[in-house]
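Novice: Have a look at this one.
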Amino acid sequence: MAVRGRFDLHTHSTVSDGTETPSDVVRAAAAAGLAGLALTDHDSTAGWATATAAAREAGIGLLPGVELSTRSGWRSVHMLGYLVDPEDAALLAETDRIRRARRDRARRIVDAIAVDYPVSWDDVLDQTAPGATVGRPHIADALVALGIEPDRSAAFAGILHPRRGYIEPHYAPTPVEGVALIRAAGGVPVLAHPGATRAEWVIPEDEVAALVDAGLFGIEADHPENTAGGGPVAAALARRFGLPITGSSDYHGSGKPNRIGERTTAPDVVEAILAQATGSAPILP
Ligand code: AMP
Ligand code: FE
Ligand code: FE
Ligand code: ZN
């Protein structure tokens, strides 16, 4: 399939922790002049139907996707999965389990914060669309609405920073399990933003080797939150294993300073993803 123009392969909507509905994210991508986008909400494909309708209407390309939460020891690892079969039983079971674990963990985090600040679980639910994948951003929004923190980024640097002691991890499969789940569901797995961390914290080479053995397609080495040290290490990992590099904004609407389309993926890489995907069909203009 010939692809013309550039795609932003990582965006979030109100189905997870973005601030815009899936159709508004699609329209924002069209307004930014992109050839296409991927909608990659955390652990959910619930936004695909409305995003698909909006993409057809706007005449823009869409790769439906998901950002699977995985974990390797203390390291949270996000795995993008493009064009998976959204009805795949194993993937559905795992994303359900992760979403429930995220919700339980968010409740525990809020209980811990509530010892020191006047915030309740209902305040967080007020900031969360029904059925959405709950994360720290929704807790941040509650703290902002209550006037305890000025905005999401300040909340992440403040009360929600791990060193403040309120944050705890949630259940997640291993990265290798994540890659295998995405492939088994006919999707194409890409390691999300490994360079958005200090150079010494980028995922180690032997772990990437195991991901490649499990079927990893590419590495999102071009990401707005790459650090000066981490970005080059992520790019070097892609070169070392001969993996395509993807670029994306990780757009979260007004919830993060990232602008849609500020990083994009080259047409030949999008074509290679399309060539390997069997789980679902893209929308191509
Ligand atoms: P969680 O998955 O619950 O640990 O929360 C992490 C999510 O918060 C990720 O999707 C990040 O994109 C988002 N996030 C991290 N830092 C910030 C920030 N400074 N402002 C807004 N969102 C952020
Ligand atoms: Fe997010
Ligand atoms: Fe992520
Ligand atoms: Zn993301």
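A short reminder: the numbers here are calculations on the coordinates, not readings from a lab. Because the structure is a prediction, the values reported are computed rather than measured. Here the Cβ is made from the backbone with ideal geometry for all residues, glycine too, and neighbour counts use every protein chain on show.
Novice: Which whole-Hz couplings ³J(HN,Hα) result when phi for each residue of the stretch 255-262 is put into the Karplus expression 6.51 cos²θ - 1.76 cosθ + 1.60, θ = phi - 60°, listed in order with x for Gly and Pro?
Specialist: x, 8, x, 4, 9, 4, x, 6
Novice: Please list 133-143, 109-119 highest first by mean number of surrounding beta-carbon atoms within 10 Å per residue.
Specialist: Numbers: 133-143: 24.3, 109-119: 15.6.
Most protected by this proxy first, the peptides run 133-143, 109-119.
Novice: Now for a separate question. Tilt of helix 230-241 relative to the longest C-alpha principal axis of the chain, in degrees (0 to 90, nearest 10)?
Specialist: For helix 230-241, the angle is close to 40 degrees.
Novice: How much length is gained if the chain between Arg75 and Asp122 is pulled fully straight, taking 0.36 nm per residue apart and subtracting their Cα-Cα distance, in nm to one decimal?
Specialist: So the chain would gain 14.0 nm between Arg75 and Asp122.
Novice: Something else about it: Label-point separation (nm) for Thr227 and Arg198, each offset 7 Å from Cα along Cα-to-Cβ?
Specialist: Each label point is offset 7 Å from its Cα along the Cβ direction, giving 0.6 nm.
Novice: Explain nothing, just the number: dipole magnitude of the chain about its Cα centre with +1 on each Lys and Arg Cβ and -1 on each Asp and Glu Cβ, in debye rounded to the nearest 20.
Specialist: Roughly 260 debye for the chain.
Novice: Treating only the Cβ atoms of Lys and Arg (+1) and Asp and Glu (-1) as charged, compute the dipole magnitude of the stretch 226-285 about its Cα centre; round to the nearest 20 debye.
Specialist: 200
Novice: Another one. Angle, helix 22-31 long axis vs. longest principal axis of the chain, Cα atoms, 0 to 90°, nearest 10?
Specialist: 60
Novice: Suppose R0 equals 51 Å; then what is the FRET efficiency for Asp104 and Asp268 from their Cβ-Cβ distance, rounded to the nearest 0.05?
Specialist: Efficiency at R0 = 51 Å is approximately 0.75.
Novice: List the longest stretch of the chain that has no exposed loop site; here a site is one of the trypsin sites (Lys or Arg not before Pro) assigned by DSSP to anything other than H, G, I, E or B, with at most 16 other Cβ within 10 Å.
Specialist: So the longest stretch without any such site is 5-197.
Novice: Would you be so kind as to identify which of Thr278, Ala209, Gly81 lies farthest towards the positive end of the dipole of the chain, taking Lys and Arg as +1 and Asp and Glu as -1 on Cβ and the Cα centre as origin?
Specialist: Result: Ala209, furthest along the dipole toward the positive end.
Novice: Cα axis of helix 205-214 to longest principal axis of the chain: angle in degrees, 0 to 90, nearest 10?
Specialist: With both axes taken from Cα atoms, the answer is about 60 degrees.
Novice: Taking θ = phi - 60°, what integer Hz values does the Karplus form 6.51 cos²θ - 1.76 cosθ + 1.60 yield along the stretch 121-132, in sequence order, with x for Gly and Pro?
Specialist: 4, 4, 4, 6, 4, 4, 9, 10, 5, x, x, 5
Novice: A further question follows. Rounded to the nearest 0.05, what FRET efficiency do Asp111 and Ala281 have when you use their Cβ-Cβ distance and R0 = 51 Å?
Specialist: It comes to 0.75.
Novice: Another question, then. Neighbour counts of other C-beta atoms within 10 Å: give me His252, His10, His193 arranged from fewest to most.
Specialist: Working: His252 21, His10 28, His193 24.
Ordered by Cβ neighbours within 10 Å, fewest first: His252, His193, His10.
Novice: Counting other Cβ atoms within 10 Å, which GluC sites (Glu not before Pro) in the stretch 64-95 have at most 16 and lie in a DSSP loop?
Specialist: Hits after loop and neighbour filter: Glu87.
Novice: Counting other Cβ atoms within 10 Å of each Cβ, which chymotrypsin sites (Phe, Trp or Tyr not before Pro) in the stretch 32-117 have at most 12 and sit in a DSSP loop?
Specialist: Filter output for the stretch 32-117: Trp74.
Novice: Same structure again: In nm, to one decimal, how far is the modelled label at Arg4 from the one at Ala154, with both set 7 Å along Cα→Cβ?
Specialist: 4.7
Novice: Evaluate the distance, in nm, between pseudo-label points positioned 7 Å from the Cα of Ala236 and of Glu168 along their respective Cα→Cβ axes.
Specialist: It works out to 3.7 nm between the two label points.
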